[in-house]
Amino acid sequence: MTTGASTLSAPGAVPVVRRARDKTFALKLPSIGLLLVWSIVPLVMTLWYSLQRYNLLSPGERGFVGFDNYTFLLTDPGLATAIWNTLLLVGSVLVVTIAAGTLLAVLFDQEFFGRGVARVLLIAPFFVMPTVSALIWKNLLMHPVNGLFAFLLKSVGLQTIDWFADLPLTAIAIIVAWQWLPFATLILLTAIQALDPERKEAARMDGAGPISMFVFIILPHLGRAISVVIMIELLFLLSIFAEIFVTTSGGPGNASTNLPFLIYRYALLDFDVGGASAGGVLAIVLANIVAIFLMRFLSRTIEA
Amino acid sequence: MNRALTRKWIWTVLAWGVALLVFFPIFWMVLTSFKTEIEAVSTPPRLFFQPTLENYVAVQQRANYFSYAWNSLYLSFGSTIVALVIAVPATYAMAFFPTRRTKDTLLWMLSTKFMPPVGVLVPIYIIFRDLHLLDVREGLLIVYALINLPIVVWMLFSFFKEVPREILEAGRMDGAVARDELFHLLLPLALPGIASTSLLAIILSWNEAFWSLNLTASQAGPLTFFIASFSSPEGLFWAKLSAASTMAIAPILVFGWMSQRQLVRGLTFGAVK
Amino acid sequence: MATVKIENVRKSFGQVEIIKGVSLGIEDREFVVFVGPSGCGKSTLLRLIAGLEEISSGDVFIDGERMNDVPAAKRGLAMVFQSYALYPHMTVADNMAFSLRLARVPKTERDRKVHEAARILQLEPLLARKPKELSGGQRQRVAIGRAIVRNPKVFLFDEPLSNLDAALRVQMRVELTRLHDDLKATMIYVTHDQVEAMTLADKIVVLQAGGIEQLGSPLELFHHPRNLFVAGFIGSPKMNFLRTTVTAVGSSAVSVALPAGASVEVPVEGGSLRPGSAVTLGVRPEHLLTSESSKLRGEVLVVERLGGTTYVHVRIEGGEMFVLQVDGENPIRMHDLVGLGFATEHCHLFDEAGLALQRSLRHPMADQKTRDRRGATGA
């Protein structure tokens, strides 16, 4: 680990003692080492496998096939659907959680009776494990025969909706949005509460009504928090899996298959290691694009 | 009623309305867990009924439930302890002996969390299969420790930085070597921070629903897996499923409520405090 | 014995050199004060002695032993921090006993030492309290008590009084002086306040930008500052400076010009000065007088009455400002016109480079030791 230009080379330079850093290296080694292995080894293996023809069901027939897996992947119509579904899912959840989250954050910033308890209720969905959430919505609420929604629709004379057959992606989006809304609300609420009350008072003295207050004071202040929420949600939403696994298994057909589920299917249902690895590389590339922006943002805000 | 009080009531009604609406699915599930299976699927759905504990009893009688619950406990607490043991020395070093590389190292550690799990599903699965770690608790424990490590390091770092440097220097002048500094000074002072970090790590492990679904089965599967295995229930199963689910999520709801602020710090990697 | 010797010590942080080759010696039982403006390196120097920072080059010796590679914990020193740095989660008694606990001193012995220190500092009623329940002054004393308990070779103080209010500071200064006398220990004290330096020190080290400007007893620095910086730093209010030229050089005095045709004869050795050389005249406010017969006249701009003393700010013809110290009973008022007189035997002269010219006569108190230290180097 070199540490920049050597000060010993400059004429009349001051010799710098650098023993302190080595002392702590042993302390850092386990974390750094393990994470290094965890991040590099599987990645390298995925890349390697993506260039192979390898099916776990017929392990004898392995061979290097260059970019064949990628060609196959990119020409699979399922991929286009999966990517499109991923984008739809991510986009819709982002929009809903942030829009509703902002409004809820503003609402919960106000003083009202029982605010503490109401907040606990609002936060709860985020802590429910994804498999439970999915099953609540699938069986208790959205079930076309016995679900609560069916009952409500029928009692006002409307047709029941078979969510998971007719609107599978929408159903998944609803479930995921329900789970992540508390996250967005909580983050944005924390950010709003960090807003200096004197600024709000100054604005009120200047004659700002609630709408102007919202548009000119609160929204700009929330700008940073909203970016954080977008980036973090983006990262996690690109990997939505359990909800699909538990409710539709990607169906009907590919209607609710997103990229992770598609790859999962290649890997553990078709046992097509090569194909799944190629898909995995694609997923990694996509995630990295988002990560680059997130890292740049964090690097500016981090204090080390 | 004056203007301010009217406004307060408007907010109260609005906010509670939304809160109840959002909470409703959970409420409905908990309610269902106290119904008989027949009541659970009856139309119209009943809000008032004679509550019964038969579902909870039934779930308890199925010994399987507790082995899955035990797995969840073992995995969440175990992986958190492992993560802490690895993270504390590294974070101590980075917080109190920072180098020019420290910031980069922290950012790099965070970046390992940005890898989509599905991207490495294949190699991990194959490695686990070849090392006979599939459906073995310890295998999943290591995975959890590693995926939570960046967040644990990050949160501990921000808490350690809040301990004034001079207190540790005073300790050194009093004759404390590194071990003494750590045990007598740093850990007691950073204990609240360590507690919140642990809480967050436990919650994240408990709710983790990718690796637990793909790397385990009946032996090592945690509750996420157990619940998922009921994804195509026969109609008469819902009340019991609700009871099992309620038991599965109850502790985390409590933990989550306790750790709201740390959640914000942890999950936004400190960008929002 | 607890002596400290620093030989040509340098310290750099990255590319920036903070301490640029400092050498000095501290004798047993001496109270030495490092003083200087912010950023001069005084705290860094202290921390190098403490072992809290690593030396870039040079050596530090404590009692003749080279300490460069010895960690802070093992140097046998004690430090009182500016922010006191008490352990918040321990009681006062535990705070003071911590070092003894680490050294595995048995409990009875520990308690005895803690009580002894608590007695000296009047902390006995506070022993069971936690730091957050104490006032600033009390925390200060606990920090000192923690140091006393260790019975260290050298006490290190890093601006310990800076966070106290003015009245408490004065009181603590007196207590520290008495403590030093009681404990008879070597003490190194860092401050930016020259009043603390003057009142507490046996020896003052004036630092600026990482180097020593002058080293000597308080009165030596006061009466014989080596350069402009020390002259302006020591003494409050600050010494008056006037840039002027030499009119005549004699065998034991030099005459310099004053505005309005006046001149003053300063008793210094002429050295390489010639008539016409640029010099700076320095005279302290307490050595300026009002003089009816003086040719140098000015208008009083500000009068600061402290009760026992009064400081008068005068602007002379030519625009320069002088500060005089007069007796508190003097009825002088703003906008009065006064003449300035100089007590020439107390004037200083500095050459173009800012160095002081050697005074013909040494002040009788400049070489007096402020304390009679038995068994030390002898007065």
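The values are calculated or read from the model by the stated rules, or taken from the named source; none is laboratory data. Please read these numbers as outputs of a predicted model, since none were measured by experiment. Cβ sites come from the backbone with ideal geometry, for glycine too, and all protein chains shown count toward neighbours.
Side notes on the structure shown:
- Flag for residue B:59 being closer than 30 Å to residue B:239 by Cβ and either touching a helix residue (DSSP H, G or I) at 6+ places or on another chain (Cβ under 9 Å) or crowded, with 19+ Cβ neighbours inside 10 Å (or both): yes
- Residue tally, condition more than 7 Å from every other protein chain (Cβ to nearest Cβ) and surrounded by fewer than 18 Cβ atoms within 10 Å (Cβ to Cβ), over segment B:183-195: 5
- Whichever residue in segment B:165-180 is facing chain C (nearest Cβ under 7 Å) and of a type in the set (Gly, Ala, Ser) and, among such residues, is surrounded by the fewest Cβ atoms within 10 Å (Cβ to Cβ): B:175
- Matching residues in segment C:162-174 - criterion: being over 16 Å from residue C:32 (Cα atoms) and either among the charged types (D, E, K, R) or outside any helix (DSSP H, G or I) (or both): C:162, C:163, C:164, C:165, C:169
- Across segment A:99-125, the number of residues qualifying as more than 7 Å from chain B (Cβ to nearest Cβ) and within 18 Å of residue A:237 (Cα to Cα) comes to 3.
- Residue C:86 buried (at least 16 other Cβ atoms within 10 Å of the Cβ) and either in contact with a Lys or Arg (Cβ under 7 Å, 6 or more places away or on another chain) or at positive phi (or both): yes
- Qualifying residue in segment C:59-79 (condition: touching a residue at least 40 places away in the same chain (Cβ under 8 Å), under 24 Å from residue C:181 (Cα atoms) and of a type in the set (Val, Ile, Thr)): yes
- Here is the figure for segment C:337-359: residues that are exposed (fewer than 15 other Cβ atoms within 10 Å of the Cβ) and not aliphatic (A, V, I, L, M) total 5.
- Filter pass, residue C:144 being under 23 Å from the mean Cα position of the chain (by Cα), part of a helix (DSSP H, G or I) and modelled with pLDDT of 90 or more: yes
- Listed by first and then second residue, the pairs with beta-carbon distance under 8 Å, at least 6 apart or on different chains, first residue in segment C:90-111 and farther than 19 Å from residue C:72 by Cβ, second of a type in the set (Lys, Arg) and not in a helix (DSSP H, G or I), are C:90/C:130; C:91/C:129; C:91/C:130; C:92/C:129; C:92/C:130.
- When residue A:208 is tested against (1) outside any helix (DSSP H, G or I); (2) crowded, with 17+ Cβ neighbours inside 10 Å, just one condition goes unmet, and that condition is (2).
- Selected residue (criterion: nearest to residue C:82 (Cα to Cα)) from residues of segment C:10-21 that are surrounded by fewer than 22 Cβ atoms within 10 Å (Cβ to Cβ) and in contact (Cβ under 8 Å) with a residue 24 or more places away in the chain: C:18
- Among (1) surrounded by fewer than 22 Cβ atoms within 10 Å (Cβ to Cβ); (2) within 30 Å of residue C:299 (Cβ to Cβ) - the single one residue C:225 does not satisfy: (1)
- Looking only at segment A:217-237, and only at residues there that are touching a Lys or Arg at 6+ places or on another chain (Cβ under 9 Å) and either farther than 13 Å from residue A:294 by Cβ or not in a helix (DSSP H, G or I) (or both), the one that is farthest from the other protein chains (Cβ to nearest Cβ): A:217
- Of all positions in segment C:249-256, at least one carries a residue that is within 23 Å of residue C:364 (Cβ to Cβ), aliphatic (A, V, I, L, M) and surrounded by 15 or more Cβ atoms within 10 Å (Cβ to Cβ).
- For segment B:163-219, filtering for residues that are within 16 Å of residue C:71 (Cβ to Cβ), hydrophobic (A, V, I, L, M, F, W, C) and assigned to a loop (DSSP other than H, G, I, E, B) leaves 2.
- Across segment A:168-204, the qualifying residues are those that are small (Gly, Ala, Ser) and assigned to a helix (DSSP H, G or I), and the one among them that is nearest to the other protein chains (Cβ to nearest Cβ) is A:191.
- Listed by first and then second residue, the pairs linking a residue in segment C:30-55 that is under 27 Å from residue C:228 (Cβ atoms) to a residue that is in a helix (DSSP H, G or I) and hydroxyl-bearing (Ser, Thr, Tyr), with Cβ atoms under 9 Å apart and 6 or more places separating them unless they lie on different chains, are C:31/C:177; C:34/C:43.
- Residue match in segment C:113-121 (condition: β-branched (Val, Ile, Thr), at pLDDT 90 or above and under 24 Å from the mean Cα position of the chain (by Cα)): no
- Checking B:97, B:160 one by one, the residue that is within 11 Å of another protein chain (Cβ to nearest Cβ) and of a type outside the set (Gly, Ala, Ser) is B:97 and no other.
- Yes/no for residue B:219 being modelled with pLDDT under 85, surrounded by fewer than 22 Cβ atoms within 10 Å (Cβ to Cβ) and within 7 Å of chain A (Cβ to nearest Cβ): no
- Extreme residue, nearest to the other protein chains (Cβ to nearest Cβ), among residues of segment A:255-269 that are in contact (Cβ under 8 Å) with a residue 12 or more places away in the chain and surrounded by fewer than 21 Cβ atoms within 10 Å (Cβ to Cβ): A:265
- Taken as a whole, segment A:154-167 holds at least one residue that is surrounded by 14 or more Cβ atoms within 10 Å (Cβ to Cβ), in a helix (DSSP H, G or I) and assigned by TED's automatic domain parsing to the domain that holds residue A:224.
- Considering B:21, B:31, B:75, the condition of being over 23 Å from the mean Cα position of the chain (by Cα), modelled with pLDDT of 80 or more, more than 16 Å from residue B:246 (Cα to Cα) and within 13 Å of another protein chain (Cβ to nearest Cβ) is satisfied by B:21 alone.
- The set of residues from segment C:22-58 being surrounded by fewer than 19 Cβ atoms within 10 Å (Cβ to Cβ) and more than 12 Å from chain A (Cβ to nearest Cβ) comprises C:23, C:24, C:25, C:27, C:28, C:37, C:38, C:39.
- Residue list for segment A:126-147, restricted to those being facing another protein chain (nearest Cβ under 7 Å), surrounded by 20 or more Cβ atoms within 10 Å (Cβ to Cβ) and closer than 16 Å to residue A:247 by Cβ: A:128, A:129, A:130, A:131, A:132, A:135, A:136, A:137, A:139, A:140, A:141
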